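Quick notes on the structure that follows.
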Amino acid sequence: MTEARTAILGGLRRTAAAPGPMPELPVRRFDWDLDERLDRFQQALAAVHGEVHRVGADWPRVLAGLLQQAGAANLRYGPGGPLAAALTAGWPADGARLVPHDQAVEDCRGDLFDATDAGFTSCRAGIAETGSLVLWPTPAEPRLLSLIPPMHCVLLEAARIVSTLHELMAAEVWGGGLPTNALVITGPSKSADIEQTLTYGVHGPARLIVLVRDERRRA
């Protein structure tokens, strides 16, 4: 081993053995009120072909209408998810068929991949700066509901829209622990890998429908 190599390795070992304190960076955020965060979120998401519909307590009826316009015959959801009770209670009788995702993938693979028109999930937060959604999938509401169906429908609380991802990470102290699978979604699935032609729905849903529920809005 050459002297230069020995010196370099020795320096690396000393650095690894005695790391210095990590600098505390200021939280990157913008001083936007709720209305501005909502507007910026909608504009950013629309720019990447996502849809935002501002709703009130009647959001299940609004979603049913959007699915009817899209020709969707069914909506798959997690019956143990945080919004399952509100979804089923407010769903109109003539709406698309609600399909509870309560089986292992091996037992419903055919229906899931070949006969599911739309999937529904809750959402942990929205990022105004980029028009992104932050999802934390759980066994009650697995990732596949947002990944496999050709349409992904989401309910986002307006009060949960923050200005930046860094702001959310600091507010929820992500440094103290993360879920095994946090998802940041910005618009529908798209790719330009094939002949550099932008195509939607290649690796996931081709349509993203976001319902933003604002408690200040009447049904």
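Here, each number is a calculation from the coordinates, and none is a lab measurement. None of these values were measured; they are calculated from a predicted model. Backbone-built Cβ (ideal geometry, glycine too); neighbour counts: all protein chains shown.
Gain on full extension, evaluated as 0.36 nm per residue between Asp102 and Ala140 minus their Cα-Cα distance, stands at 12.8 nm. Packing here is the average count of other Cβ atoms within 10 Å per residue, and on that basis the peptides 56-62, 150-156, highest first, run 150-156, 56-62. If you take the alpha carbon atoms of region 32-213 and fit the smallest convex hull around them, that volume is 130 Å³ per residue. Residues of region 154-188 falling in the label zone of Gln69, defined by backbone nitrogen less than 19 Å from a point 7 Å along Cα to beta-carbon, are 154-156, 187-188. A cut-off under 9 angstrom between Cβ atoms defines the neighbours of Ala73, and their net charge, with Lys, Arg +1 and Asp, Glu -1, is 0. Under a Gaussian network description of the chain, with springs only between Cα atoms under 10 Å, the residue in Ala70, Ala84, Ala128 that fluctuates furthest is Ala70.
Near Pro137, once Lys and Arg are set to +1 and Asp and Glu to -1 for all other residues with Cβ below 11 Å from its Cβ, the sum equals +1. Phi angles across region 70-85 convert, under the Karplus curve 6.51 cos²θ - 1.76 cosθ + 1.60 with θ = phi - 60°, into 3J(HN,Hα) values of 7, x, 7, 8, 8, 9, 8, 9, x, x, x, x, x, 10, 4, 5 Hz, Gly and Pro given as x.
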